[in-house]
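Quick notes on the structure that follows.
The numbers here are math on the coordinates, done by the rules we state, and not lab data. Bear in mind the structure is a predicted one, so any value in this text is a computation, not a measurement. Here the Cβ positions follow ideal geometry from the backbone for every residue, glycine too, while neighbour counts run over all protein chains shown.
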Amino acid sequence: METLTVQNIVLTERDFRKISDLVYKHCGINLHDGKKELVRARLAKRLRLGNFKTFPEYMKHILEDKTGMEFSILIDSLSTNLTSFFREPKHFEFLQNRFLPALLEQKSKKRNFKIRAWSASCSSGEEPYSMTIALLEAVQGQGRWDIKVLATDISTSMLDIAKTGIYDTERVKPVPSLQKQKYLVQHRVNGQKLFEVSKHLKDAVIFSYLNLMCDWPIKGALDFIFCRNVMIYFDKQTQSRLINRFWDLLDSGGVLFTGHSESLTGIKHKFNYIQPTIYMKP
């Protein structure tokens, strides 16, 4: 039986299967054999911090934790929370230059001044705040619009950061200077320059914990959804189920944005292809 060790902590094939089965059933993340080393390396740190001697002892602790907090930490350890403001600029170019002008014109004619969007894996908040900046910039000077961006994630620690909305200089670098002045408030803490998202921006974003594999307490119809760099963790069956649930939530003409390394190839769906990683509901 294959084993992987780190500082005398052994991950057997059996332990790996138990962990991967539990994670898949809970949140759809597919930990295939190629992820063994990642699981060992990342969870070994957690074992050392919690003074667990073996992986079975750690798993027993997770299953007995009724709060679900330890499971959330497990998922945090196994997923990569890499994000930034205006990440994947082509999405925001499409949003600002093509989609939003047409959407606003269409909604204005119908006297419908409500815009609803969803960041389905918001991580530490940069994505939904970027979406909201794009929306607020698009509607400026056009009267009062009702804008709300739902931002959800399975990581409670990332949601805590997102709700606080405070970032260092490096994290806000992609924000254009004029928008930085309008939407970010500069602070200096212990000599470090920090930027806090303005109240105006925060008020438009609703942060909430959500496991994408569970029920969604979301009422359609949404105008657009960002679900980027999430489906890479799922198998095709899970991806297909997720894509079709997004379809059901989107309004006619609504758009789904996926990650740059994600494709709907091989997934049965009804979306129209617009350009790489951008799909529209007819």
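Listing for the model above:
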{"quantity": "Rel. contact order, % - alpha carbon contacts under 8 angstrom, at least six apart, the chain", "calculated": "16 percent"}
{"quantity": "Over 32 Å (Cα to Cα) - which of K110/K199; K53/K193; K236/K281 fall in this group", "calculated": "K53/K193"}
{"quantity": "The range 18-163 - percent relative contact order, Cα under 8 Å, separation 6 or more", "calculated": "22 percent"}
{"quantity": "Long-range amide H partners of G254 with built H, under 5 Å", "calculated": "K281"}
{"quantity": "The range 141-171 residues near the modelled A221 label - backbone nitrogen below 12 Å, point 7 Å along Cα→Cβ", "calculated": "none"}
{"quantity": "Answer label, with semi-axes √(5λ) of the Cα gyration tensor in Å calculated from the coordinates and candidates [x] 36, 24, 15; [y] 32, 23, 17; [z] 30, 27, 16", "calculated": "[x]"}
{"quantity": "Residue of I75, I166, I62 that the Gaussian network model of the chain assigns the largest fluctuation, springs spanning Cα pairs under 10 Å", "calculated": "I62"}
{"quantity": "E57/E105 FRET efficiency (R0 45 Å; Cβ-Cβ; nearest 0.05)", "calculated": "0.15"}
{"quantity": "Antiparallel DSSP beta bridges within the chain, percent to nearest 5", "calculated": "50 percent"}
{"quantity": "Gain in span if fully extended, T12 to N211, counting 0.36 nm per residue against the direct Cα distance", "calculated": "68.8 nm"}
{"quantity": "Length gained when the stretch N190-K173 is fully extended (0.36 nm per residue, less Cα-Cα span)", "calculated": "4.1 nm"}
{"quantity": "Volume per residue that the Cα convex hull of the range 3-78 spans, once the total is divided by residue count, Å³", "calculated": "79 Å³"}
{"quantity": "Residue among D160, D215, D146 with the largest mean-square fluctuation in a Gaussian network model of the chain, springs linking Cα atoms under 10 Å", "calculated": "D215"}
{"quantity": "Most mobile listed residue (R87, R40, R111) in the chain, GNM with C-alpha springs under 10 Å", "calculated": "R111"}
{"quantity": "For peptides 126-137, 203-214, sequence by mean Cβ density within 10 Å, most packed first", "calculated": "126-137, 203-214"}
{"quantity": "Listed residues I62, S157, S124: farthest to the positive end of the dipole of the chain (Cβ charges)", "calculated": "S124"}
